[in-house]
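Data first, discussion second: the structure below is written as structure tokens.
The values are calculated or read from the model by the stated rules, or taken from the named source; none is laboratory data. It should be emphasised that the depicted structure is a prediction, and the values quoted were computed from it without experimental measurement. So basically every Cβ, Gly included, is an ideal-geometry build from the backbone, and we count neighbours across all protein chains shown. These accessible areas exclude ligands, DNA and RNA; they are computed on the full protein's heavy atoms, side chains included. Shrake-Rupley method; radii C 1.70, N 1.55, O 1.52, S 1.80 Å.
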Amino acid sequence: MRRDLSRFTNSILISTLLIMSILSLISCASIKTQQDQYHESIPLARDGSYEQASIIIQDAKEEEYQKKDRVLYYLDLGMLYHWSGEYELSNKMLTKAENAIEELFTSSISKAMVSGVLNDNALDYSGEDYEDIYLNVFKALNYIALEDEESAFVEIRRVQIKLNLLEDKYKELVEEYNASADAKGELEYRENRFHNDVLARYISLLLYRAEESWDDARIDSKSMHDAWITQKHLYNFTKPSFPRVVPGDENRALVNIISFSGMSPVKLADTIYIQSGPSIVFLTMTGQSEDYVTNLVGFNFLVIPGIQSGIHFKVQFPHLSSRRSEADRVVVKMDGVEVAEISMLEKMEVIARETFLLKQPLTIGKTIIRATIKNITKEIGKGAMQQGLSDQGAGGLIVGLLAGLAADVAVDATENADLRISQFFPSYARAAEIVVEPGNYNVKVEYWNGNNLMAEIDHGMREFTVDGLNLIESFMLR
Amino acid sequence: MKLRILLLMTSVVLLLGGCATGPTVTRTASDEVIDLSGRWNDTDSRLTAETMVSSMLSGGWLERFISDEGREPVVIVGSIRNRSSEHIDAETFIKDIERELVNSGRVIFVAGGEAREEIRDERDDQQSNATQATAAALAAETGADFMMQGVITSQTDAIEGKRATLYKVDMELIGLENNQKVWIDTKEIKKLVEQKKANW
């Protein structure tokens, strides 16, 4: 009898050790989002040290970024190169990101549905839709800086194609999943409400106007006006004045300033724990703060007569948290004189949220399905094991409880939300048009928070001409 | 003992050899059609150039010109604008057109763009550095009668994992003296790319 108990106990301990070993063998990055590379690089980027931030990101290749995170690496580095004025390198990285996103999208989503053992962190990151759209906007700005307007046009056209594809992207996937024989639950999809991007239209308008394609410029202007009517949920602020789309005074130069501020949203984890006692179920919900500190959000319990104690269940999924911008007013000065306040053109974080929500039913749906299968399998295993051990007396009962606890810990460790998201896109885009006499001007852009001047970005002496594009891009990621 | 040594040596060889393999390279004919991504490629450029030049040379304008002027027309290739949603190397396309034009033997083709600038620089340089007998004469270029211009556009549509892209190449030949358009043609290429289906 004692020998039987010892053998059984040993087998349980070996099984537990095996589970722990497998978990330790699976690299941490496979079950949890790696964010160490951001601890230094984000503050550096906020302070305008973009080159230093990009060095940290480059150094993190292979360790914090694995092959499955390559889209994230290309996006992070591509954006930092953009901010540091390395436009060709930025285009190279953002193009790699774009190609990988296209290649990975379908396969990643399909794999995610069946990745029963681990979680989405183990899969290739295929990018958020807003990342896929804005990377073309920044590539367009890179090409403008490189004086290759034709290539900038290509990028802007790609934005519109992607917006058209977004229309049915998730609807098709959800329908395919629901119709498949392997579907383990019915998923729902959310209607797309983002069809027309004002920032991309703004750049398009400037490009068309620079080559005197007035009709095309007018179409862009009309689309921008329409956004305030058809997409009020995205453009719910005062409409700025748009660039002129009729030939103007031949002796004046039109100067356009696009200003970016703040940083794009991050993903934080929401966790729900379900723990049962004798005829009672405890529900605990925790959420991450912007500093990645986990806080208790809510606690409740349900009395359910007859429910067994010892059931443990964890579900974790991501939510999008805005990082906003501290700058509430941005002004442009020419030769030391304030000439315009730059008006809000697009709240990029709102677009990010809108596109994130398109995917969210799919993310939550697959998380719940996967966590349920995982936890039910675990509970069945625990039940069988504890039943077997309880027959061996008090000692067996204790070993059974310990092994059950180990199984709970092991399964909990694999259930983590995929918090991967690029970190260096901005939060807000502002724009202004200023009419000046042609000539050279010293241009400065000031970022204000109330009465405090946060930053003064000196764009140096710039020559503004009657013809062509006089575009200044200014940014401050706070 | 021998077996142990043999095993040890095998292990060392395997470890040193590693498992990395180099890329596999297969040579193919340059005119073989290879579609990897479904995007505009060298085959599209070549086929479009062939079709366009063939269409242009079979147009009635050529016979009329030869009959009126008693000589072959002189043609220059101007800009081919990319208005598509892909980064198309217009230079490759222009070279394909130039090759077809020259090889046709039915028109006289003159260099334009950067090549012309380089030749002019060299000619200027010869005036001070080459002997009078060998220096190329100034102001003796062959003036073009017509300029060929074009634009590439594209439309993309996608549904149910399939992406269709329609490339449209519009080209025209314009008389330099009178701005008359003597030939216009359009070539369309439609490509259907099927995305990998989600395998549930």
Pairing a residue in the range A:148-164 that is more than 10 Å from chain B (Cβ to nearest Cβ) with any residue that is open to solvent by 20 Å² or more (accessible area, probe 1.4 Å), where Cβ atoms lie under 6 Å and the two sit 6 or more apart in sequence or on different chains, gives A:A152/A:Y143; A:A152/A:I144; A:L163/A:H195
(1) more than 10 Å from chain B (Cβ to nearest Cβ); (2) at pLDDT 95 or above; (3) buried (at least 16 other Cβ atoms within 10 Å of the Cβ) all hold for A:K239 apart from (3)
Within the range B:52-96, restricting to residues that are more than 14 Å from chain A (Cβ to nearest Cβ), in contact with a helix residue (DSSP H, G or I) (Cβ under 7 Å, 6 or more places away or on another chain) and in a loop (DSSP other than H, G, I, E, B), the one that is nearest to A:D148 (Cα to Cα) is B:P73
The residue that is farthest from the chain's Cα centre (by Cα), considering only those in the range A:143-185 that are surrounded by fewer than 20 Cβ atoms within 10 Å (Cβ to Cβ) and of a type in the set (S, T, N, Q), is A:S180
Review point. Does the range A:215-236 contain at least one residue that is acidic (D, E), exposed (fewer than 14 other Cβ atoms within 10 Å of the Cβ) and not in a loop (DSSP other than H, G, I, E, B)?
Key: yes
Conditions (1) over 13 Å from B:M148 (Cβ atoms); (2) modelled with pLDDT of 95 or more -> B:P73 fails only (1)
How many residues of the range A:68-85 are open to solvent by 10 Å² or more (accessible area, probe 1.4 Å) and free of Cβ contacts under 8 Å to residues at least 24 places away in the same chain? The answer is 1
- request: Say whether the condition of being more than 35 Å from the chain's Cα centre (by Cα), of a type in the set (A, V, I, L, M, F, W, C) and more than 30 Å from A:L199 (Cα to Cα) is met by at least one residue in the range A:326-343.
  value: no
Note on the range A:37-67: residues β-branched (V, I, T) and touching a residue at least 60 places away in the same chain (Cβ under 8 Å) are A:I42
Okay, strands (runs of 3 or more DSSP E) sitting entirely in the range B:101-200 with 2 or more residues that are touching a residue at least 40 places away in the same chain (Cβ under 8 Å) and of a type outside the set (G, A, S), I get B:146-159, B:162-175, B:181-194
Do we have A:S279 as surrounded by fewer than 21 Cβ atoms within 10 Å (Cβ to Cβ) and in contact with a Gly (Cβ under 7 Å, 6 or more places away or on another chain) here?
yes
Flag if A:E346 is surrounded by 14 or more Cβ atoms within 10 Å (Cβ to Cβ) and part of a strand (DSSP E or B) | yes
